[in-house]
Structures are given as C-alpha cells and as structure tokens.
C-alpha cells in the first residue's frame, strides 16, 4: 500500500479535540471515582491528595464539557441514528461474536459509536449541570440542601453510565484492529464516499 | 476534635473496622427548653472553650445573634414566639447545634477517610485535618448543622466538647448554664432525668410534653425536653421525624457499592470477551470475498 492510498478518517483538529476530551475525561473519571468509593480513594494521590482532588475535579470537568461540546459540534451530523443502526443494534449478538457478515452496511460510524456519542452528549450535560450545583465552595452555597441531594445522585448515576460507556469504547478500540481494509470492511458506506473520485 | 483513637465506632469512608478496643459509656446532653431563659451563656462558653471568635455581625432586630450557625459559632439560641392558644404567648428558645446522631448522615456522606468519626460514647466528631472541603456532610446532615469555613474550606460544628468529655468533664455549655436547662451524663441517666421533667411539665398543664430523641436517626446524643413534643416544628423548624434523606441513602447505601462493582464488571467483561471471542481483524482476501465489488 502506498501513500496515495491513504484515506483521512479524522482531520488533525478533530484528533486534537478528541484527545483533549479523552485526557480530561480520564482525569475527571479517576478523580471522581476517588471521591465516590473509599476503595478508590488512593487515586487522590495522582492529584496531590484529597483536597487537591476536590479542587481540581470540577475544573477538569468544565474543560471536558467545553472540549466535548466542540467535538459534538464537529461530529453530530455523522451520528444521526438511522434504520440500519436500529438493525445493527438488533443484531448485537452478531456484533460481539465477530459475525460481521450478518450486519447491515455501516457508514462513517456504526450504531455502537453513535450510541456512545449520544450517551456522552446526555451524561456530560447532566454532569455539568449537577456538578455546578454541588461545586464547593463556589456555587453549592447558592442552592438548597434538598437540591444538592438530587444533584449528587444525578451526578453519580450519569458518571457511572458515562464511565461504563467509555470503558466499552476503549475496549472496542483494542478489539477492532483497523486499517484501510478495516475501513472497507467495517465502514463500507463511508469508504465508498471518501474514495469517490480516486481511481 | 479530640484525638482519642481507641474508642472509635465508625469512621467516614472506611470499609474495615476502626480501632475500638476501648468501650466508653454512651453519653448525652439534655436540653430542657422549659428551663432555658435565653441568656446565651452557652454560646459564650462554647466560643471561650473552643477559642473561637466569630465576626461581629449586625443586629437583625431579633434576639437570635448570630442569626445562624457558622464555622465559628457552633451553637446558637433560636427564639420563636408562638401562640398555640389564643392570647397565650409562648417564647420558645431552642439551643441549636449538632445533635450527634447515632446514625450520622454527615459521616455516611463523607468521602474522606477519617474526616468524620463517631466515638463509642456517641459523639460525632470532625477531624478537620482530613477534611477535603467537598461539603458532602452538609448534603448528608438531616439537621443542617455543618458549616464550611470561607477561610480554610473545612467544615466545623459542635464537638460536644469531645476533648473535655474524654477526660471526664462535661461540655463547656453545660458547665456554664445558670438555670440547669443543660445537663450532661450517660444517655440512660439523661433519659431518666427527662422523664422526671416531663412528669413535672405535665402536672403543670403541658400535656404534650415529651423527649426529643428521634428514632429516625437512631436516636441522638443531644436531646431536648419539649413542652410541645407533638409539634417540634414550632421550635424554629426542629424536624418532626428527621432521618437521613432517601436520596442520600440511595447515593451512599446503594449506588456507591453497586456502581463501583458495575464498572469493574464492565472492564472484566471486555477482558474475557477478548480472551474468548478474540480481536476483530480483517484479512485482505476475506474482505474481498465477503463484500465483493
């Protein structure tokens, strides 16, 4: 395969944006876990102790929300759910068993990727709003104790869904080995589109 | 925030037993509202013993001063004027502060190991050097007691003078009370003393007099004798049936363990999927034959 045959899946700005999101998400997940269950409290050591973890977590979270907001703006058009996606989800058994021949043709993103996208849009929005309500010492004093109780619950639930989703995403990256052939095989619809005009 | 360490019943964000070889007697402070004259000597004694001086505030036109608990005012007198019977004004004065719950919501909510401890004598104490300033205890407390300091972002509240109690003295507020409205001793004795007071109050026409030792939080180590125990709310909003909010229970009692386990399972599932089904690799020729074009 020579250089003429390369296709560009993501522009450099897309990649930078993705990795800023990824790094802040990992940091915010680790610091959040540290404060969620004592079994993970040792993770505060990565952030300079418990108090620093408490101070840094929300700021990293805001950077994540902004970074993901920009990413969502770039990617949302390609993440519309189609009938083929619904079919893909129905054949989930074939997906996990690597029986790709039974799956409908996939465009730029498959239904799993699209689902993760929308899970992230929803949970990050919820985390941002509920996080502001419990953000000490800046914003929490503005809100009633009753509201902070609802907010901590939403924050924990949304964080769980997001973290579980991202673990699946990271695993999928390890699971699926990708090249040009991979693009032809897994995203044929998109492959035809980007290779239009080349030989 | 005394530093006894051998008589700890529970410790925040800790999943193993706390050092507890030394068993101490359960203590309680009894606040007899019918005897309180609102002199605020207890407020002064509290700031004296704990060596705290709150900011000089402004007069809000009411007796309550300061108007609310702060990181430096761990107890305040709350004055309520109520007229339960027409023409019979009652001036109810309640000394507010930490109730030292047997089932403390603050301790349950706290994510910092050892920042909140409960001694075997029942005192719930904050160890501010371990506090990370997240304010979860404020979310967990059913009585709205902990206050976050603007100076150091640590929370503070009444310690029930755990330092004095640990060496056999009564809390500073009790020591100073001129009317005997505050008494301190074993919880058992305090309940008995309260019962005698209630008999007296009933004989003087307070038919609903009773002890405030709310079972919803497992009982408290600060208790009130109320003239109108059927309506604790009239004492400046003392909750009728306080308990740790269901939302906090759900957060710390259910979601915390289940979701932590859940994340581990998700990661493990991935690992075993890779070990059994294996990676999804596309071979050049296989691709051509499958999606022939």
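Bear in mind that the values in this text are calculations on the coordinates, not laboratory data. Everything quoted here is computed from the prediction, not taken from an experiment. Cβ atoms come from the backbone with ideal geometry, glycine included; neighbour counts cover every protein chain shown.
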Which of A:93, A:108, A:149 comes first, and how do the rest follow, when ranked by fewest Cβ neighbours within 10 Å?
A:93, A:108, A:149
Convex hull per residue volume in Å³, alpha carbons only, for segment A:9-195:
143 Å³
Relative contact order as a percentage, chain A, C-alpha pairs under 8 Å and 6+ apart, gives 20 percent
Evaluate the distance, in nm, between pseudo-label points positioned 7 Å from the Cα of residue B:63 and of residue A:39 along their respective Cα→Cβ axes.
5.3 nm
Ranking of B:234, B:116, B:145 by count of other Cβ atoms within 10 Å, fewest first:
B:234, B:145, B:116
Length released on extending from residue B:199 to residue B:128, taking residue separation times 0.36 nm less the Cα-Cα span
21.4 nm
For chain B: relative contact order, % (alpha-carbon pairs under 8 angstrom, 6 or more apart):
23 percent
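Provide the gained length on full extension for the span residue B:175 to residue B:37, in nm with one decimal, where the gain is 0.36 nm per separating residue minus the Cα-Cα distance. Could the numbers behind the result be given before it?
Details: separation 138, 0.36 × 138 = 49.68 nm, distance 1.57 nm.
So the chain would gain 48.1 nm between residue B:175 and residue B:37.
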Any idea what angle helix A:111-133 forms with the longest principal axis of chain A, computed on alpha-carbon atoms, 0 to 90 degrees, nearest 10?
20 degrees
Normalised per residue, the volume of the convex hull around the Cα set of segment A:100-167 (Å³):
93 Å³
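Could you please rank A:42, A:118, A:135, B:74, placing first whichever residue has the fewest other Cβ atoms within 10 Å of its Cβ?
In increasing order of surrounding Cβ atoms, one gets A:42, A:118, A:135, B:74.
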Once both labels are modelled 7 Å past Cα along the beta-carbon direction, what's the residue A:97-residue B:21 spacing in nm?
6.1 nm
Report the residue, chosen from B:206, B:235, B:274, that carries the largest GNM mean-square fluctuation when chain B is represented by alpha-carbon nodes joined by springs under 10 Å.
B:274
Descending semi-axes in Å of segment B:1-134, equivalent ellipsoid built from Cα gyration tensor:
33, 18, 14
Pairwise FRET efficiency - residue A:62 versus residue B:231, Cβ, R0 = 56 Å, nearest 0.05
0.75
Overall dimensions of segment B:8-244 by Cα: Rg and Dmax, Å
17.5, 58
Stretchable slack from residue B:79 to residue B:167, in nm (0.36 nm times residue separation minus alpha-carbon distance)
28.4 nm
Given 37 °C and 0.692 mPa s, how large is the Stokes-Einstein diffusion coefficient of the protein assembly as shown in µm²/s, with Rh as the Kirkwood radius over Cα pairs?
124 µm²/s
Using the alpha-carbon atoms, what tilt in degrees (0 to 90, nearest 10) does helix B:256-276 show relative to the longest principal axis of chain B?
10 degrees
For segment B:145-261, what relative contact order do you get, as a whole percent, if you take Cα pairs closer than 8 Å and at least 6 residues apart?
12 percent
Viscosity 1.567 mPa s, temperature 4 °C: Stokes-Einstein D of segment A:38-124 from its Kirkwood Cα radius, in µm² per second?
82 µm²/s
Heads up, segment B:99-219 by the C-alpha gyration tensor (a ≥ b ≥ c square roots of eigenvalues; a/c under 1.5 rounded, else a/b over b/c prolate, else oblate) looks prolate
Is any residue of segment B:27-43 close enough, with backbone N under 19 Å, to a label point placed 7 angstrom from the Cα of residue B:90 along the Cα-Cβ axis, and if so, which?
B:31-39
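Calculated from DSSP H runs of 4 or more alone, at -39500 (n - 2.57) each and per residue, what is the 222 nm mean residue ellipticity of chain B, nearest 500? All intermediate terms of the calculation are to be shown ahead of the outcome.
Values: 9 runs with 78 residues, N = 293.
Taking each H run of at least 4 residues, the total per residue is -7500 deg cm²/dmol.
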With a Förster radius of 25 Å, plug the Cβ-Cβ distance of residue A:77 and residue A:5 into 1/(1 + (r/R0)^6) and report the FRET value to the nearest 0.05.
0.40
Candidates B:127, B:60, B:193: whichever shows maximal mean-square fluctuation once chain B is modelled as a Gaussian network with Cα springs under 10 Å
B:60
What do you get for the angle between helix A:50-75 and the principal long axis of chain A? Use alpha-carbon atoms, 0 to 90 degrees, nearest ten.
30 degrees
